[in-house]
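Encoded as structure tokens, the structure appears first; notes follow it.
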Amino acid sequence: MISGNLLRSAVISGANNISNNRKMVDELNVFPVPDGDTGTNMTLSISNVAKELAVKKDLPVGDTAKVVSSALLRGARGNSGVILSLIFRGFSKGLKGLDEAGAEDIANALDMGTKAAYKAVMKPTEGTILTVSKEAAKAAADSVANGETDPVKVFAAAVEGAKVALAQTPEILPVLKKAGVVDAGGQGLVVIFEGMLSVFEGKGEVDATETDSAKSSDNENTYEYAVSVKTNRNDKERDPIGLRSLLETIGTDITVEDSKEEIKVKVNTNRPDKVLRESLKYGSLIEVSVVNIFAANKQKKENENIENTVNSDDKGDYTPVVPENDYGFVAVAAGEGLKSLFVDLGVDSVVSGGQTMNPSTEDILRAVELTPAKTVFVLPNNKNIIMASEQAARLATRNVIVLQTKTVPMGISAMLAFDPETSADENAENMQTAADKVSTGSITFAARDSDYEGFKIHEGEILALANGKLSFVDNDIDHAALKLVKTLQTKDSCFVSVIYGEDISDGSAEAVKAQIEAKYPNLEVTLIPGGQPVYYYIISVE
């Protein structure tokens, strides 16, 4: 039989195992844009459970499963983290009220976990974590049907079923087969299950060996310095792969931009000396910036506008505020410029997040509960944050409407369409309609080498995305921005908004604006300093 303490230890082991294998899972992502990668999101999601279980011992198995479910749901980040939380939510329901779990209980719990995940996903895609979970549950059920009475052996059968299903995911999804990888979410689930099985089989907990900031929340970054270096390109033939390789071993949030004339590097690390020493191998230093992250964050918190910031005590506890107003708004955005813009548009709380930094269900829930309104509209502004927002809505003490805003421009258009004299349902419809009319493009860089949708992409190349799909690859940021406007605009287009990121100077942005105006005199161009990371430009056309 599986006791509560055994399940507790197994889940901690699973959390350690995904943490240790985070980068491996991240690298399975086919789309080469820098985003909130699967392994990182699953690690951050389940690490919330490990913290909770650290102080919850000697509980019945049903109560332990409930603790796991609750903590994982609140800590869920990104679509992969939310689906993982739903699997364990169903698993918890299957063990409800039990002191210990037998073979049939485990099989039933796995089946309920799969059904919970499928039910919550609007359009389930086979060949993903959902398929892996389904086949794991089926293997467990088959094991019981064949007379197995040992719950550990039933769970072992589930793990084998998951592995078989994972290996078949490329045959189900052609994009995986072309890239030569298995599904990242499915791999993450197998890694977690393997960590759990180690405990069930008496081999002990998998030790945590991962030490980088993926194990920490945004407020618990383990790296002290944010280092930026610009170097002259003395040897134009030398590939900076060695530079990136070093950075991977000493830091996180890494960017390496390589052009014919210079190399730009950004990294969070505890060894700025190594970054400078390695950069000098490629040329002389032009610009160097070393910022103490901890000191900067402390100063930032001291300067924050309390009125528009979600606050909590050191434990993360908070008391929901009284809903005095009819309507309130929560938006997700990264970059001081974008945060200020949404506040100016009437948003009560802006949750920090976006690509590479998906906020958790709890982050969004906290913002909702501290918004003094009876109905709160949530604008995720990223397709990978919508599911976490929807889970937060289910936990809230007030009416919450999650708009399907997949980009920042969609969120801006939705806010502009709000009418305080109209009902909540009418506003939801009008705001969503306004958002859906926006065409959004973005300019970013390739985070890894990839063969994607006919493009042979090399790490560091400039990527242009049109409405979430890769449009073309370029080597020049400004040229890509101008070309992307041509891709997005139609004969009916009237307005173009150009939101420029933290890596773009005011002068460069003004030059791009001037080029667009010269090329398309019929378009009204608005330039917005967004300050967002990752994306050099976010361009909307209406």
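Among the residues that make up the stretch 476-487, is at least one of them crowded, with 18+ Cβ neighbours inside 10 Å and under 29 Å from Ser389 (Cα atoms)?
Looking for residues that are crowded, with 18+ Cβ neighbours inside 10 Å and under 29 Å from Ser389 (Cα atoms), one finds none in the stretch 476-487, hence no.
So which residues in the stretch 341-373 are under 25 Å from Ile46 (Cα atoms) and of a type in the set (Gly, Ala, Ser)?
Within the stretch 341-373, Ser352, Gly353, Gly354, Ser360, Ala367 meet the criteria.
Name the residues in the stretch 191-203 that are without any contact (Cβ under 8 Å) to a residue 12 or more places away in the chain and touching a helix residue (DSSP H, G or I) at 6+ places or on another chain (Cβ under 7 Å), would you? Step through it out loud before you land on a result.
Just the residues of the stretch 191-203 that are without any contact (Cβ under 8 Å) to a residue 12 or more places away in the chain, to begin with: 202-203.
Answer for the stretch 191-203, where residues must be without any contact (Cβ under 8 Å) to a residue 12 or more places away in the chain and touching a helix residue (DSSP H, G or I) at 6+ places or on another chain (Cβ under 7 Å): there is none.
So, in the stretch 433-453, exactly how many residues are out of contact with any strand residue (DSSP E or B) (no Cβ under 9 Å at 6 or more places or on another chain) and surrounded by fewer than 16 Cβ atoms within 10 Å (Cβ to Cβ)?
3
Sort out which residues of the stretch 108-147 are under 10 Å from Ala162 (Cβ atoms) and among the hydroxyl-bearing types (Ser, Thr, Tyr), and write them in order of number.
Hits for the stretch 108-147 are Thr131, Ser133.
Out of the residues in the stretch 349-362 that are in a loop (DSSP other than H, G, I, E, B) and buried (at least 24 other Cβ atoms within 10 Å of the Cβ), which is modelled with the highest pLDDT? Reasoning before the result, please.
Kept after step one, since they are in a loop (DSSP other than H, G, I, E, B), are these residues of the stretch 349-362: 353, 355-356, 358-359.
Now drop any that are not buried (at least 24 other Cβ atoms within 10 Å of the Cβ), which leaves 353, 358-359.
Values: Gly353: 80, Asn358: 85, Pro359: 89.
Among those that are in a loop (DSSP other than H, G, I, E, B) and buried (at least 24 other Cβ atoms within 10 Å of the Cβ), it is Pro359.
Could you tell me whether Ser389 is in the same structural domain as Thr490 (by TED's automatic domain parsing), under 30 Å from Gly75 (Cβ atoms) and among the polar types (S, T, N, Q)?
On the way: in the same structural domain as Thr490 (by TED's automatic domain parsing): no; under 30 Å from Gly75 (Cβ atoms): yes; among the polar types (S, T, N, Q): yes.
The answer is no for Ser389.
Looking only at residues that are in contact with a Ser or Thr (Cβ under 6 Å, 6 or more places away or on another chain) and in a helix (DSSP H, G or I) in the stretch 197-212, which one is surrounded by the fewest Cβ atoms within 10 Å (Cβ to Cβ)?
Residue satisfying both the conditions and the ranking: Ser198.
Being in contact with a helix residue (DSSP H, G or I) (Cβ under 8 Å, 6 or more places away or on another chain), modelled with pLDDT under 90 and either in the same structural domain as Pro409 (by TED's automatic domain parsing) or of a type in the set (Ser, Thr, Tyr) (or both) narrows it down to one residue among Ser508, Ser450; which is it?
Working: Ser508 fails: modelled with pLDDT under 90.
Going through Ser508, Ser450 in turn, the sole match is Ser450.
In the stretch 132-168, which residues are of a type in the set (Val, Ile, Thr) and either surrounded by 24 or more Cβ atoms within 10 Å (Cβ to Cβ) or outside the structural domain of Glu201 (by TED's automatic domain parsing) (or both)?
Answer for the stretch 132-168, where residues must be of a type in the set (Val, Ile, Thr) and either surrounded by 24 or more Cβ atoms within 10 Å (Cβ to Cβ) or outside the structural domain of Glu201 (by TED's automatic domain parsing) (or both): Val132, Val154.
Looking only at the stretch 63-96, count every residue that is among the β-branched types (Val, Ile, Thr) and surrounded by fewer than 24 Cβ atoms within 10 Å (Cβ to Cβ) and tell me the total.
Quick first cut of the stretch 63-96, residues among the β-branched types (Val, Ile, Thr) only: 64, 67-68, 82-83, 87.
Checking the rest, the ones that are also surrounded by fewer than 24 Cβ atoms within 10 Å (Cβ to Cβ) come to 67.
Number of matching residues: 1.
Report the residue count in the stretch 484-542 for those that are of a type outside the set (A, V, I, L, M, F, W, C) and over 25 Å from Leu470 (Cβ atoms). If you could, list the steps in order and put the result at the bottom.
As a first pass, look at the stretch 484-542 and keep what is of a type outside the set (A, V, I, L, M, F, W, C): 486-487, 489-493, 497, 500-503, 505-508, 510, 513, 515, 517, 519-522, 524, 526, 529-533, 535-537, 540, 542.
Filter once more, so that each one left must be over 25 Å from Leu470 (Cβ atoms): 505-507, 510, 517, 521-522, 524, 526, 529.
Result for the stretch 484-542: 10.
Suppose the filter is in a helix (DSSP H, G or I) and without any contact (Cβ under 8 Å) to a residue 60 or more places away in the chain; does Ser70 pass it? Steps first, please.
Working: in a helix (DSSP H, G or I): yes; without any contact (Cβ under 8 Å) to a residue 60 or more places away in the chain: yes.
For Ser70, the condition - in a helix (DSSP H, G or I) and without any contact (Cβ under 8 Å) to a residue 60 or more places away in the chain - is met.
Among the residues that make up the stretch 425-432, is at least one of them assigned to a helix (DSSP H, G or I) and either assigned by TED's automatic domain parsing to the domain that holds Pro240 or under 16 Å from Gly354 (Cα atoms) (or both)?
To start, the set of residues in the stretch 425-432 that are assigned to a helix (DSSP H, G or I) comprises 425-432.
Retained after the next criterion (residues that are either assigned by TED's automatic domain parsing to the domain that holds Pro240 or under 16 Å from Gly354 (Cα atoms) (or both)): none.
Checked the stretch 425-432: no residue is assigned to a helix (DSSP H, G or I) and either assigned by TED's automatic domain parsing to the domain that holds Pro240 or under 16 Å from Gly354 (Cα atoms) (or both).
With respect to Lys57, determine if the residue is in a helix (DSSP H, G or I), among the basic types (Lys, Arg), surrounded by fewer than 24 Cβ atoms within 10 Å (Cβ to Cβ) and on the phi < 0 side of the Ramachandran plot. Walk me through it before giving the result.
Numbers: in a helix (DSSP H, G or I): no; among the basic types (Lys, Arg): yes; surrounded by fewer than 24 Cβ atoms within 10 Å (Cβ to Cβ): yes; on the phi < 0 side of the Ramachandran plot: yes.
Answer is no for this residue.
List the number of the failed condition for Gly14; all other conditions in (1) in a loop (DSSP other than H, G, I, E, B); (2) in contact with a helix residue (DSSP H, G or I) (Cβ under 8 Å, 6 or more places away or on another chain) hold.
So Gly14 meets the others, but not (1).
In the stretch 376-416, what count of residues is obtained for those that are outside any helix (DSSP H, G or I) and in contact with a Lys or Arg (Cβ under 7 Å, 6 or more places away or on another chain)?
Pass one, the stretch 376-416, residues outside any helix (DSSP H, G or I): 376-385, 396-407.
Still in the list and also in contact with a Lys or Arg (Cβ under 7 Å, 6 or more places away or on another chain): 376, 382-383, 398-399, 406.
Selection size over the stretch 376-416: 6.
Within the stretch 272-292, which residues are of a type in the set (A, V, I, L, M, F, W, C) and within 9 Å of Ser228 (Cβ to Cβ)? Reasoning before the result, please.
Initial filter on the stretch 272-292 (of a type in the set (A, V, I, L, M, F, W, C)): 275-276, 280, 285-286, 288, 290-291.
If the condition is that a residue be of a type in the set (A, V, I, L, M, F, W, C) and within 9 Å of Ser228 (Cβ to Cβ), then Val288, Val290, Val291 are the ones that fit.
Those residues that are at pLDDT 90 or above and under 17 Å from Val408 (Cβ atoms), I need them from the stretch 468-483; list them, please.
Listed by number, the list holds a single entry, Ala481.
The values are calculated or read from the model by the stated rules, or taken from the named source; none is laboratory data. Since the model is a prediction, treat every value here as computed from it, not as a measurement. Positions of Cβ are backbone-derived with ideal geometry, glycine not excepted, and every protein chain shown enters the neighbour counts.
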